[in-house]
Amino acid sequence: MGPFSSCKAWLWSVWDFAKEDSNRVKFAFKVGLAVLLVSFLILFRAPFHILGTNIVWSILTVAIMFEYTVGATFNRGFNRALGSLLAGILAIAVAQLALQSGRVSEPIIIGISIFLIGAIASFMKLWPSLVPYEYGFRVVLFTYCLIIVSGYRMGNPIRTAMDRLYSIAIGGFVAVLVNVLVFPIWAGEQLHKELVNSFNSVADSLEECVKKYLEDDGLDHPEFSKTLMDEFPDEPNYRRCKSTLNSSAKLESLAISAKWEPPHGRFQHFFYPWSEYVKVGAVLRYCAYEVMALHGVLHSEIQAPYNLRLTFHSEIHEAATHAAKLVRSLGKDIGDMKRSLKTSLLKKLHGSTERLQRAIDMHSYLLTCNFDPPDNSSKPLTKLSHAFSTTLYDPSNLLTEFDSSGTEKNSNQTNQNAPSGTPPQQTESFHEMMRKQSRRLHSWPSREVDAFEEEEGGLSMEEFLPRMRALEGTAALSLANFTSLLIEFVARLDHLVEAVDELSKMAKFKHEGV
């Protein structure tokens, strides 16, 4: 039962892997078909008698040259053809020179040539501008060595070189033909979809992060070890956005492959600006950095009080919603290959961001540890101040009120109804209430406030309030950090809009006014 269950689980994993991307199955089918077609040259006697054992090079060429996309196959085929041709020419020239030099010096000349070709090819493939042709230099090296050595032993290097070049040409032709005609997988189409998915990932992750930040009351934070391992099962879009940060190499590889492809599908004109996709992806990654930084604030140890986050709830939510809508709209325009004006979306986004900035500026005293509310007697109270006054209060203000009114009232009652020397029990209960309120409103520090008193033998009210106000200010700065990152994300969207507009012009997207 054990082996059967493990085999069944393995089959299900294979099925899920194939179902995730059907192109994987198509690619495997095409490689098998190409190898089978080349193998017929060996299985049937007629072509085998003509080409001989060198036909095995056709199978080797298909196995090495066949790539996932059409463009990558063309690129690999060009390197293979150029490298083989260059190696064949050099092998023939050196073989003729070695034959004319005599039997004694012939192996010496061949040995020296192998050393020089190996050293020069290995050095040139490391040259920065020649890195895209690294495979071609590798082909030059092993093809030259095999031809020159086998030709030396067989005594006819020219015939050996020509037979192997024919076999390589047959294998390359079959690989290209099958890859283009049978379920073609275009690198340009893959690049196009990858970029559109990146736009959606960034937008979804931004909305996910802001929604959780505004709804999270700080009661159920994950452990710090899980935070380091990025284990957030309740944030499915987090990993998608994180993969966008690592998409640079993939986009560049797809763009290089797409340049080798002929016009196809929706990309019908020559010299399509595939490099602009890489530039747009680079600008989008800078926006994704800000989203990941927002996630960092969301999962940080120091958290702003929940009620303080609710104070700026509408402004933060509005700015994040409009920003995500703009990013998603840009991705949709690229996906549909349409060019539309984003004037209305940009106006809404900038308006919501300006409202958030004004709210932060007007109520910046809430984000500092020692603040005195500004005198707004001549101005009407905004809904933001009203929301704050009903959801959050400062212990120092209450203590001042208590000292100015409650203490006086209690002292009068004490003078009338109690003997002198009675301890102020109401003041002690008030202090206890302040500690409980601070623990409820502040999610950081995670230690209980009473732990400080237990360690240091108790804190007086003069020592307790400054410490608590410092902790309040540090926690409140977390909200300032979150809002500044959100505003920076919006600022970077202007560059993203310009990059997408440049791509739409160069790619000749269909223009639609909005």
Checklist entry - For region 330-359, how many residues are closer than 19 Å to residue 484 by Cα and open to solvent by 30 Å² or more (accessible area, probe 1.4 Å)? => result 7
Checklist outcome for this item: Within region 263-272, residues assigned to a loop (DSSP other than H, G, I, E, B) and crowded, with 16+ Cβ neighbours inside 10 Å come out as 272
Checklist entry - If residue 135 satisfies every condition in (1) open to solvent by 50 Å² or more (accessible area, probe 1.4 Å); (2) within 30 Å of residue 261 (Cα to Cα) but one, which is the exception? => result (1)
Checklist outcome for this item: Inside region 330-354, the number of residues satisfying the requirement of being closer than 20 Å to residue 488 by Cβ and either of a type in the set (S, T, N, Q) or free of Cβ contacts under 8 Å to residues at least 12 places away in the same chain (or both) is 5
Checklist entry - What are the residue pairs meeting all of these: first residue in region 112-131, first residue touching a residue at least 60 places away in the same chain (Cβ under 8 Å) and within 24 Å of residue 98 (Cβ to Cβ), second residue open to solvent by less than 50 Å² (accessible area, probe 1.4 Å) and not hydrophobic (A, V, I, L, M, F, W, C), Cβ atoms under 7 Å, and 6 or more apart or on different chains? => result none
Next on the checklist: Being modelled with pLDDT under 80, out of contact with any Cys (no Cβ under 6 Å at 6 or more places or on another chain) and loosely packed, with under 11 Cβ neighbours inside 10 Å: is that true of residue 6 here?
Outcome noted: yes
Checklist entry - residue 251: at pLDDT 90 or above, farther than 21 Å from residue 208 by Cβ and crowded, with 17+ Cβ neighbours inside 10 Å, yes or no? => result yes
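Kindly evaluate residue 472 against the criterion of being at pLDDT 90 or above and either on the phi > 0 side of the Ramachandran plot or surrounded by 12 or more Cβ atoms within 10 Å (Cβ to Cβ) (or both). Working first, answer last.
Numbers: at pLDDT 90 or above: no; either on the phi > 0 side of the Ramachandran plot or surrounded by 12 or more Cβ atoms within 10 Å (Cβ to Cβ) (or both): yes.
In short, no.
Kindly indicate whether residue 13 is loosely packed, with under 11 Cβ neighbours inside 10 Å, of a type in the set (Ser, Thr, Tyr), in a helix (DSSP H, G or I) and out of contact with any Pro (no Cβ under 9 Å at 6 or more places or on another chain). Give the derivation first.
Numbers: loosely packed, with under 11 Cβ neighbours inside 10 Å: yes; of a type in the set (Ser, Thr, Tyr): yes; in a helix (DSSP H, G or I): yes; out of contact with any Pro (no Cβ under 9 Å at 6 or more places or on another chain): yes.
When the stated conditions are applied, residue 13 passes them.
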Next on the checklist: Please go through region 301-329 and give me each residue that is open to solvent by less than 20 Å² (accessible area, probe 1.4 Å) and either assigned to a helix (DSSP H, G or I) or free of Cβ contacts under 8 Å to residues at least 12 places away in the same chain (or both), ordered by number.
Outcome noted: 308, 309, 311, 316, 319, 320, 323, 324, 326, 327
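The values are calculated or read from the model by the stated rules, or taken from the named source; none is laboratory data. Bear in mind that the values here come from a model prediction, so they are computed numbers and not experimental data. Note that we place each Cβ from the backbone using ideal geometry, even for glycine, and neighbour counts take in every protein chain shown. When the accessible area is computed, the model is the full protein with side chains, heavy atoms only, and any ligands, DNA or RNA have been set aside. Shrake-Rupley method; radii C 1.70, N 1.55, O 1.52, S 1.80 Å.
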